[in-house]
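Below you'll find the structure, written out as structure tokens, and then a few comments.
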Amino acid sequence: MDLFKFAHGQSFPPGTLYLVPTPIGNLADITIRALHILNQVDGIACEDKRHSSMLLNAYGISKPLYALHEHNEISASAHLLEKLRNGERWAYISDAGTPGISDPGAILCAEVTKAGYQVSPLPGPSAITAAVSGAGNFLKHGNGGFQFLGFLPAKANQRDELLKVAATSHVSSFFYEAPHRIESTLKSICAQLDGERKVLIAKELSKIFEEIKVIAVRDLADWMKTVDSWQGEYVLGIEGVARTESPTRFDESTLQWISAINGRIGHKELSEIIAQITGISKKDAYRELIEKKET
Ligand code: SAM
């Protein structure tokens, strides 16, 4: 079977930048189309030439390489624009995973788009999508939605601010975290979040010591004592907070007479009457009337 048959069918316009995801651990996690593009382009820009050479050598790909990393992304983008202007096709690969996802590539993409050239992002490996796909029920409170908040800040106070955002969100939040900070981050989670809340720890995805652990905050400290080494790469998740149906403070009969006179008098007056009859405070009655109007 010709493995590249389908990749050949894809259009391959000149003057295009291809954003090509590369494996996050297992060298086999590269798509047929990614290999096809890397074989066809005029050159490959990469975050680190030595690092990417290992992948390219493994697949017998030999192309001119050009370094584009977080410290030279603007000037290197200008260099690549020249290449596209000449009708060349170039690929960009970061050290691992999808370019632009907590990696260089976003500025390059913006510059190429601004200059009117095509950017073609290939689907492929990323630690965040692998972790979310293995998260199962972890997304249930957000109806399958989630937010990815990139790397947690290195400074503890900024990290804790972001953890607070996750603590109050209905959708589950995911972060990348460095191995030398994960222990202190988990301790901070233990201190900040209620015991019922679940945490997801996805370690070394697609590698030999791959592990995905979903654990309630109340059990986290005990589990941490069982960990021998924090070495490895991590995606961290914090479960979204469950939505609670806020029960109406108006009982059935109150609701009936409210709906009978609602609209004939203003909300302010109506809330005064409700307060007199039911004992609910005027403020609460008014707020509830407004909430009902909005739903
Ligand atoms: N662009 C990459 C992507 O698409 O996933 C992310 C690059 S970022 C510089 C590297 C971080 O991603 C690591 O510090 C770790 O938090 C996460 N990561 C990368 N590979 C991973 C893996 N195999 N397992 C778990 N997390 C991983």
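Could you count how many residues in region 92-121 are part of a loop (DSSP other than H, G, I, E, B) and open to solvent by 50 Å² or more (accessible area, probe 1.4 Å)? Lay out the reasoning, then the answer.
Filtering region 92-121 down to residues part of a loop (DSSP other than H, G, I, E, B) leaves 94-96, 98-105, 115-117.
In the following step, the residues that additionally are open to solvent by 50 Å² or more (accessible area, probe 1.4 Å) were identified as 95, 101, 116-117.
Number of matching residues: 4.
Tally time: how many residues in region 30-49 are part of a helix (DSSP H, G or I), under 18 Å from residue 103 (Cβ atoms) and open to solvent by 20 Å² or more (accessible area, probe 1.4 Å)?
Result for region 30-49: 1.
Among the residues of region 50-63, write down those that are surrounded by fewer than 12 Cβ atoms within 10 Å (Cβ to Cβ) and either more than 17 Å from residue 28 (Cβ to Cβ) or of a type in the set (Lys, Arg) (or both).
Correct list: 50, 62.
As an exercise: evaluate residue 95 against (1) touching a Ser or Thr at 6+ places or on another chain (Cβ under 9 Å); (2) near the ligand (Cβ under 10 Å from one of its atoms); (3) more than 21 Å from residue 42 (Cα to Cα) and give the number of the one condition it does not meet.
(3)
Name the pairs whose Cβ atoms lie under 7 Å apart, with the first residue in region 184-207 and more than 15 Å from residue 133 (Cα to Cα), the second aromatic (Phe, Trp, Tyr) and open to solvent by less than 30 Å² (accessible area, probe 1.4 Å), and 6 or more positions between them or separate chains?
Sorted first by the residue in region 184-207, then by its partner, the pairs are 198/138.
Quick one: count up the residues across region 213-241 that are within 20 Å of residue 142 (Cα to Cα) and not acidic (Asp, Glu). Write out each step before concluding.
Residues of region 213-241 that are within 20 Å of residue 142 (Cα to Cα), as a first pass: 213-217, 235-241.
Imposing the further condition that a residue be not acidic (Asp, Glu) reduces the set to 213-217, 235-238, 240-241.
Adding up the residues that qualify gives 11.
Given the condition of a type outside the set (A, V, I, L, M, F, W, C), within 15 Å of the ligand (Cβ to nearest atom) and surrounded by 14 or more Cβ atoms within 10 Å (Cβ to Cβ), answer yes or no: does some residue in region 84-91 qualify?
Here is the first cut: in region 84-91, the ones of a type outside the set (A, V, I, L, M, F, W, C) are 85-89.
Restricting the remaining residues to those that are within 15 Å of the ligand (Cβ to nearest atom) gives none.
Scanning region 84-91 turns up no residue that is of a type outside the set (A, V, I, L, M, F, W, C), within 15 Å of the ligand (Cβ to nearest atom) and surrounded by 14 or more Cβ atoms within 10 Å (Cβ to Cβ).
I need a count of the residues in region 223-239 that are open to solvent by 70 Å² or more (accessible area, probe 1.4 Å) and assigned to a loop (DSSP other than H, G, I, E, B).
Taking region 223-239 as the starting set, the residues that turn out to be open to solvent by 70 Å² or more (accessible area, probe 1.4 Å) are 225-226, 228, 231, 233.
Now restrict to residues that are assigned to a loop (DSSP other than H, G, I, E, B): 226, 228, 231, 233.
Qualifying residue count for the region: 4.
The values are calculated or read from the model by the stated rules, or taken from the named source; none is laboratory data. The shown structure was predicted, so the numbers you read here are calculated from the model rather than taken from an experiment. Ideal geometry is used to build each Cβ from the backbone, glycine not excepted, and the neighbour counts take in all protein chains shown. The area values use the complete protein model at the heavy-atom level, side chains included, leaving out ligands, DNA and RNA. Shrake-Rupley method; radii C 1.70, N 1.55, O 1.52, S 1.80 Å.
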